[in-house]
1. For the range 259-301, name all the residues that are under 33 Å from the mean Cα position of the chain (by Cα) and among the polar types (S, T, N, Q).
2. Give me the pairs, please: first residue somewhere in the range 26-37 and assigned by TED's automatic domain parsing to the domain that holds LEU66 and under 13 Å from GLY65 (Cα atoms), second residue anywhere and surrounded by 14 or more Cβ atoms within 10 Å (Cβ to Cβ) and basic (Lys, Arg), beta-carbon distance under 8 Å, and either six or more positions apart or on two chains.
3. Among the residues that make up the range 216-235, is at least one of them more than 24 Å from HIS192 (Cα to Cα) and out of contact with any strand residue (DSSP E or B) (no Cβ under 8 Å at 6 or more places or on another chain)?
4. What number of residues in the range 123-152 are under 22 Å from the mean Cα position of the chain (by Cα) and part of a loop (DSSP other than H, G, I, E, B)?
5. Are there any pairs, at least 6 apart or on different chains, whose C-beta atoms fall under 7 Å, with the first in the range 129-148 and in contact (Cβ under 8 Å) with a residue 60 or more places away in the chain and within 20 Å of LEU302 (Cα to Cα) and the second assigned to a loop (DSSP other than H, G, I, E, B) and among the small types (Gly, Ala, Ser), and if so, which?
6. Can you find even one residue in the range 327-338 that is out of contact with any Gly (no Cβ under 9 Å at 6 or more places or on another chain) and at positive phi?
Amino acid sequence: MDTFEALKNEAMEALKTCSNVSQLQEIKTQYLGPKSQLIACLKNLKTLSPEEKVSMGRKVNELKGLLEQEIAKKAQQLHTQERLNKLGASIDPSLLNPYAPITPLHPLTQTRNRILSIFKGLGYAVAEGPEIETEWFCFDALNVPPNHPARAEQDTFFLHGKTSSTTKQKGEESFILRTQTSTVQIRSLDQHKPPFRVVSPGRVFRRDTVDATHNFNFHQIEGLCIDKDISVADLKGTLDFFVEKFFGKRFETRLRPSFFPFTEPSFEMDIFVHDLGKFHDTWIEVWGCGMVNPNVLRNAGLDPNEWHAFAFGFGVERLAMLLYGIEDIRRFYQNDVRFLNQF
């Protein structure tokens, strides 16, 4: 035992004073090489009794493992120090390159961050959900009937084929690529006790033909506010505030009656613009909204006589095109550096 302890102390002291890789290799050869004292102990195990072999073998292997670990650690330190010495004492490699060009965020990311920042200021939490969903979360729980056109295979991406249109039991539906971020509305109602406010950004997928205003993969942000005293006035006030903060100017807005299965009453919100990109002195549609349908609240296990909610949703690409005056949605996905560096 004294021999092992002395050998360990001697090796550790040598590692402590080692200052370069060549010295480290000499230490490794001295204490772990084929002619080292430690290897000699292993070779002498055959001369010992069975009980002594077990005890001595364990001690030798423990010391061998410790030395290998410490030598490897020292080697990493020395290599790192050598690289730093080559760079020069005045250079800190952990600092950012002051001469590197600053690459702007993608315009869609900038738009998304701008939208979320406004709603966070209104007390909305950010909630996200999976892009692969079931028909229950994407359609059934949102009061979309089985024969609705949006549930057809020409409109929605089904992962393993469509189930029977009469199947409405939760857990028995087909898996799909979500067509809207309204799925997070249902998940939030399932997971959180009201009252609460959430916005849910994310990618959505539809079987749209790609053109200047459509794509099969785009981005949405869904908003939901639920409380006991919520009205259409709260909905319009929230969206009017958002329009002013987002565009940086006050626009005249209006709610136009529409239809969505998951809201009742349902509206399209329009804004009147005098000069915004290609639009001049006209009303333009910006998003859909409405009071959450009582059936949606029932599907989430809530009493619609006690709780009321409003919801709204819009495309991030749509708002980015209005904000920056972009006329073709495909430009966001072409990775043209000349286009991206404009923002």
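The values are calculated or read from the model by the stated rules, or taken from the named source; none is laboratory data. From a predicted model like this one, the values you see are computed outputs, not experimental measurements. Glycine also receives a Cβ, built like all others from the backbone with ideal geometry; neighbour counts cover every protein chain displayed.
1. Result: THR263, SER266, ASN293, ASN295, ASN299.
2. LEU32/LYS64
3. yes
4. So the answer is 7.
5. LEU142/SER182
6. Within the range 327-338, one or more residues are out of contact with any Gly (no Cβ under 9 Å at 6 or more places or on another chain) and at positive phi.
Yes or no, residue by residue, for (1) of a type in the set (Phe, Trp, Tyr); (2) in the same structural domain as ASN293 (by TED's automatic domain parsing); (3) modelled with pLDDT of 90 or more:
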site	(1), (2), (3)
PHE196	yes, yes, yes
ARG203	no, yes, yes
ASN217	no, yes, yes
LEU224	no, yes, yes
ALA233	no, yes, yes
ARG250	no, yes, no
PHE259	yes, yes, yes
LYS278	no, yes, no
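For every residue, the table says whether it meets (1) modelled with pLDDT of 85 or more; (2) within 30 Å of ARG331 (Cβ to Cβ); (3) surrounded by fewer than 12 Cβ atoms within 10 Å (Cβ to Cβ); (4) outside the structural domain of GLU10 (by TED's automatic domain parsing).
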site: ALA75; (1), (2), (3), (4): yes, no, no, no
site: PRO93; (1), (2), (3), (4): no, no, yes, yes
site: ALA125; (1), (2), (3), (4): yes, no, no, yes
site: CYS138; (1), (2), (3), (4): yes, yes, no, yes
site: PHE157; (1), (2), (3), (4): yes, yes, no, yes
